[in-house]
Amino acid sequence: MRIGRYFTRQDAPGVRATLGLLVLGCVLPLSLVAAFLIVEFYQRGRQQLIDSTVTQAQAAIAGVDREFDSLQAALQALGTSRQLMTGDLAGFHTRARDALGNLHADSIVLVDPSGKLLLSTRRAYGEPLPRLPGTPLLKRIVATGRGGVSDLFPGPLAGQLIYTVGVPIRRDGAIVMTLNATATPAHLTSLLAEQKLPATWRTAILDSRGKIVARSHEAAKYVGKSATPALLHSLSVRGEGSLEGRALDGLPVYTVYSRSPRTGWTVAFGIPTAELTAGLRHSLGWLIAGTLAALALGLLLAWRVGGGIAHSVRALIPPALAAGSGDMPELPPLAIREARELAQAMRDAAASVRTAQAQSRESEHRLTLAAQAARLGIWVRDQLRHEIWVSDTWRALFGFPPGQTLTMADVLGRIHPEDRPAAEAALVQPRGRYELEFRIHHPDGAERWISSQGQAECDSAGQVTLVRGVSLDITARKQAELDMLQKQKELTHLSRVAMLGELSGTLAHELNQPLTAILSNAQAAQRFLRQPRPDLDELRDILHDIIEADERASAIIRRLRSLIGNQESVLQPVVADELLSDVLHILRADLIHHGVTLHTDLAGGTLRLQADRVQLQQVLINLIINACDAMAATPAAQRQIAIRSRRYGKQWQLDVQDSGPGIPPTQLGRIFEPFFTTKSQGMGLGLAICRSIVQAHQGRLWAENSDGGGACLHLSLPELP
């Protein structure tokens, strides 16, 4: 027998694979937890960086606002000069050029409310100056009366993109002109440098329209251009925030911005996404490398350790197979302590198997001797292989010669045709335990009774796989049972005859009445016939009375014949209270003779029983006669019998209660025993026969002493469905 047959590729993983799964189950969860913590720390660090960058952007835009505020303050101070107030524009031109050196601006210009340039430090005083084409800042200053900052626009004198900061100049409370300082974007670039951000970050200052005014990278290329659409959309929604996208030069960045609520200008910082995730990628890289190294080392150890365990387990397979038969070969050296313990357990198991085999052989020998002594035939049927094994005693029991291969058809062919269907249902398709009796035709011509008992074994799906059973010749027992039934039938008949003997006096009196009536009417008819002209109508009445008396006598005789007859028991539907009324009619004269007062309380109706009418009459008569006999020593005025019938569920119950002394408590449980009697005369068989008849009708018969004196016998029979 090859060892390999005990290993299948799909049944279960090997030791090495199991240990490998164990390593994976230990390393991977830890790695996942570490990855989760790394990502969590990264998210927190990233959020902290974004929050700090937002704060820095707020500080940067505040610096831009301060730059504008300082220019406005300087312009307001310059606007109070005496030259400007007196209209000395030439003198003010000189004063403005002197003040320009202290301002972060390229030129100072004076503009009237119509947009006409009155002077510019970029031109000598008196040179012609152009009119400004569109002056949104001028209109805003005139409308609000407050200074402000313009967006980026091409300067008409500078010839490049500039922005201006302007303040109103008033005379007599009215704005007569605006004083403006113009500057190029280069003045704001220094503000970005002051933030000291990483050189790779993209930083920019935007005007209120989203145009780039200053930029940290490639300013000459991007100044004056609009910011990215994503940033412009975000600016239209909220004045401060962050978003992920690409810079104008295509670099993936995470942009943080803050807009001034006063000027509408914005500072935006673009953090390169690669730098933002560099720490995460670095940590995850180390984690992956460490995980792979741990897995490699763990799997290598699992491979080597699993190989040692597998070798020890495979080495135990031949001894395990041998232990099943009680043998135990020498074992090779085993490196695993548990394997050595298992080997010792196999040695103990082999010893137990040898002991069990010896005990089994002894048990089989004893069973064989017991079966032979009891003449039990043993048979086993294998439902899967359709094979039948039988013992020699079973073959002799059924009359099959030794060595003959048996089939179920052979076995069923021996069984009596009337018993074959029930036997086939129990033997061919058994369900659990079975027990049955049947007749067989033995080859020697005899008919034998067989008792067979057995048990079916089923697989996990509930299908019968094996049937075991024993068979016993019960012909002698069956014959004894038939003899006993015949004797019981004869005894029951004798009991009825004896009972009729007790009733003979009263029955003779009951018959005497119709016979006397017949005789009297016949004599009267003779007298009428001797008359010369007899009255025919009177004769007809006499003959009618004779016929009625004869019918009464015939009915009495029929009831007596039904009781005394020895016919077979026949079950048929019987109306319970009608049967009871017939019995009371039979016993009427006997009750009068004994001086018994009868009280009846019948349920009425048509409740029916499935019963043998004659046997049930015998039971009722016996119960009522026993009640009469129990009151023999009771004064005649106190002799009373109460008969009640009731329906209880699906049962009909009859109670027969007398007013006698009752049954002694020590004898109450024995009155239904054969040959036991409480009367001075009698064989003691009446109540025993009554109980056997009632039990054959699936009913109950019991006795109790009444609280008010006397005994009460209860009869309960099932109602016919």
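Just so you know, all these numbers are worked out from the coordinates, no wet-lab data involved. This is a predicted model, so every value here is computed, not measured. For neighbour counting, all protein chains shown are included, and Cβ atoms are generated from backbone atoms with ideal geometry for every residue, glycine included.
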Fill in: Charge tally in the Cβ shell below 13 Å around GLU194, where Lys, Arg are +1 and Asp, Glu are -1, GLU194 excluded
+1
Discussion item. If neighbour count is taken as other Cβ atoms inside 10 Å, put HIS416, HIS599 in order from fewest to most.
Written reply: HIS599, HIS416
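Let me know the shape class of region 375-469, please: from the alpha-carbon gyration tensor, a ≥ b ≥ c as square roots of the eigenvalues, rounded when a/c is under 1.5, otherwise prolate if a/b is greater than b/c, or oblate.
On the way: a/c = 2.00, a/b = 1.49, b/c = 1.34.
Judged from the Cα gyration tensor, region 375-469 comes out prolate (a/c at least 1.5, a/b above b/c).
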Discussion item. Past 28 Å, Cα to Cα: identify those pairs from LYS139/LYS221; LYS478/LYS650; LYS139/LYS225, in the order given.
Written reply: LYS139/LYS221; LYS478/LYS650
